Amino acid sequence: MKTDGMVDYSTGHDGLNTPRDVLFVQLIYSSMLGLAGLVLLARLAQIGHAYLRYIVCSGATEKQQSVWSITESSLWIRIKSRLLYAPLFGKRHNREIQLSSAMNMGTLPSRFHSLLIFGYILSQIVYCCDLDYQNETPAIIAELRGRSGTLATLNIVPLVLFATRNNPLIPLLRISFDSYNLFHRWLGRIAAVESIIHMAAWAVNTVREANTSALAQHLSETPSYAWGMVATAVMGFFILHSLSPVRHAFYETFLCIHQAGAFLIVLGIYLHLDMHSLPQKPWIQWVIIIWSAERSTRLIWLVFLNVSRRNGMTKLRVEALPGEACRLTFFLPRQYPVPPGSHFFAYIPQISWWMSHPFSAAWTESSITTRPKSIQSLTDTKSLTLESQSSPYNHTAVTLVVAARQGMTRALYTRAMSSPDEAFTTTGFLEGPYSSHAVNMASYGTAILFSGGVGITHHLLFIRDLLLRAAADRAATRSITLVWAVRSMDSVRWVMEYIQEILQMPHAETILTIMLFVSKPRSPGEMRSAGGVIRTFAGRCNPATVLEEIIPRRIGATVVSVCGPGALGDDVREAARRQVDRGVALDFVEEAFTW
C-alpha cells in the first residue's frame, strides 16, 4: 500500500520521462514520413521517365530507340546493381533456406530492405537505451518501462497497416505487398520484444517495492495489468509462432491463430491503456479504425465483384490438369477489367471455408453470353463460356492455374481427380484484383519475361496486352521473349490454349519469342521444336546465358521480369545485375509471394 508522498516506480508515472518519449515518437514518425516522401519523389521521377520514354518510343524506329538502351550515369548503375537489386550477400534472396525437406527457414531480405530493417532496429535500441543513468536504479527501470511501452504501442500502427491488402501505400509508393509483409513481420518482432521489456521492467520494480506475491496480486486483481499481460504473452508467443518453419508448414492453421491472437493483442493493449487513461490510447484507436476500414473495404468489394442482383453469384469450375495442377475458372456475374500482372485472393467455401489464398490471374475474358439455367450447366466440359438458353449474361471469366502442394491446393486437386471427367463446379469468390504497379511494361522496347512452372500465369496477360498495344502503335515494345522453365511437357498443357490464342494475335510472329526449357523430358521426340516463335530446349534454364544471347540485340530500354521459384528468381536477379553493371538500361522486376 502506497501512501501520499511515497515514490511509486512500478505503477505510477514516477520515473517516466514523458518529454523524451514524445521526442522519440516525433522522430520515428518524421523519419517514416521522410522516407515515404523520398520514395514517392523517386517513384514520380521513375514514372515521369517511363512516360517520356513511352511517348517518344511508341512511334519510333528500332534505331531511334537505341538512345534509351544505355545508362550513362555510373552512379545510378552502382545504386541499382549494388543496392536496389542486390541480395543481402552472394546471390541468395528468395531461394528458401532449407534445413531439411520438411523445414523451411524462409528467405533473406534484399540488401536495401536489410539496411532499412537494421537501421530501424538500431534506432529502437538507441531510444530504449537513452535513459537518465544519473537517477537511482528503480527510476531508470521505470523510465525504461515507459519508453519500451510507448515504442511498442507506436509500432502497432504501421504493423497493422503493413499487413493489410488494401494498404494505400502500395499504389502510392508502388511497393509490393510482399515487401510490406516483410516489414510487418519485423515490426511485429520489434514490438513483441519491447512489450516483453515493458512487462519485465514493471515486474522488477513491483517485486523490488513489495514481493513476488504482490506481482501475482496485481495480475489477478487489477484488470489493466491482466490485459497487458495477455497482450504481452500473445506477442511473445507470436515470436515463435510466426517463424518460417511453423508459418509455412501449417499456413492455414497459422492464419487462424494469428488473426485470433492479433485481436487479443489489440483488445489487451486498448483496455490496458484505457483503464490507466494513458495518452497512447488514440494510437490503438487508429489501429482499430485502420483494421475496420480495411476489412469493410474488402467485404464491400467482395460483394460487389461476386454478387449481382440480376446475374446471381460467381460460379467456379475446377479442372484437374496433368502434372498435379488445377485450372480454376471463376465466372464473375459482371464485367470487370483485370490489369496485367494482377493477382486475386480466391475463396472456395466447400474446400477452405472462409480462408483465402493468393493466385496470379492467368487469363481473363469478358463477354456477353446467355445465362445458364443452373450451375449444373457448367459441367459440360465442351463449353466453358456459360452458353445456355436464357437471357443475356454479362460476365468476366477469370482463370487461375494452381499447382497442387499442401492444404487447400492439394484438397482442390484431390477433389477434382475424384470427380467425373476430373472436374467439378461449386461456388467460389474472388477478391481483387491486386497489383504492386511495379513498372509500365509498354514503355520498354525489349521485355524479357522469365517464368518458372506455374509462374507463367503472371506473364500471359502482360504478353497479350503488349501485343495489343503494339498492334495499335501504343507501345514502345518491339521484342518480347518469354522464357519458361518447366519440369515436363505436362506443365505446357496448363496454358496451351492461351498461348495458341496469343500466337494468333497480330505481330506475334515478329515480336514474340518463346523459349521453353524442359528439365525432365520423357523422350527426345517430345523436345522437337516446331520452329518459328517457340523454341524448345532440354535441360535447366540458365538465365545468364539467355540474357547474353538477347541483350546484344535488344531494342531500346529493357525490362527483365521473373515469377517462379526462389532459385530461378535469384539466378535471374544475378544475371540482370551483371548486365546493369555493363551499362545496359535494364529494370528488374520480381513477383514474389514469400509470406
- prompt: Which number comes out as Rg/Rh for segment 153-204 once both Rg and the Kirkwood Rh are worked out on C-alpha atoms?
  reply: 1.14
task: Determine the gain in length on full extension of the stretch residue 122-residue 520; use 0.36 nm per residue of separation and subtract their C-alpha separation, reporting nm with one decimal.
output: 138.5 nm
- request: For the chain, state what percent of all Cα-Cα pairs lands in each successive 10 Å bin, counting from 0 Å until the bin that includes the largest distance.
  value: 3, 15, 23, 23, 18, 10, 6, 2, 0, 0
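For the chain, what relative contact order do you get, as a whole percent, if you take Cα pairs closer than 8 Å and at least 6 residues apart?
It rounds to 17 percent for the chain.
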task: Measure nothing but the geometry: give the 0 to 90° angle between the long axis through the Cα atoms of 566-581 and the longest principal axis through the Cα atoms of the chain, rounded to 10°.
output: 80 degrees
field: Cα radius of gyration and Dmax for segment 441-590 (Å)
entry: 14.6, 43
message: Using the crude model of +1 on Lys and Arg Cβ and -1 on Asp and Glu Cβ, and no other charge, please compute the dipole size for segment 441-590 relative to its Cα centre, in debye to 20.
response: 220 debye
query: Under a 5 Å amide H to amide H cut-off, with H placed in plane at 1.01 Å, what residues pair with residue 341 once short-range neighbours are removed?
result: 461, 462
- prompt: Scattering from the C-alpha atoms of segment 107-156 alone, worked out with Debye: what is log10 I(q)/I(0) at q = 0.25, 0.27 1/Å?
  reply: -0.91, -0.98
statement: Most packed first (mean Cβ within 10 Å per residue), the peptides 513-519, 455-461, 21-27 order as 455-461, 513-519, 21-27
Sequence-distant aspartates and glutamates (8 or more away, or on other chains) whose Cα lies within less than 13 Å of residue 520: 490
field: Rh (Kirkwood; distinct C-alpha pairs) - segment 34-192, Å
entry: 19.5 Å
Cα long-axis angle, helix 177-209 against the chain (0 to 90 degrees, to the nearest 10): 10 degrees
task: Note down the magnitude of the dipole of segment 169-263 about its Cα centre, charges +1 on Lys and Arg C-beta and -1 on Asp and Glu C-beta and zero elsewhere, to the nearest 20 debye.
output: 260 debye
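Which percent, nearest 5, of DSSP beta bridges in segment 441-590 are antiparallel?
On the way: 1 of 31 bridges.
Roughly 5 percent of the beta bridges in segment 441-590 run antiparallel, per DSSP.
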- request: Report the charge-dipole magnitude of segment 242-342 in Debye, nearest 20, computed about the Cα centre from +1 at each Lys and Arg Cβ and -1 at each Asp and Glu Cβ.
  value: 500 debye
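Restricting to the chain, what percent of DSSP beta bridges are antiparallel, rounded to 5?
Working: 44 of 74 bridges.
Looking only at bridges with both residues in the chain, the antiparallel portion is about 60 percent.
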task: Please work out the C-alpha center-to-center distance from segment 143-207 to segment 226-260 and express it in whole Å.
output: 14 Å
task: Of the options 521, 320, 254, report the single residue whose Cα projects farthest towards the positive end of the charge dipole of the chain (beta-carbon charges: Lys, Arg +1; Asp, Glu -1).
output: 521
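Since every read-out is calculated from the coordinates, none of them should be taken as a lab result. Everything numeric in this text was worked out from a predicted model, so none of it was measured. Neighbour counts run over all protein chains shown; Cβ positions are idealised from the backbone, glycine included.
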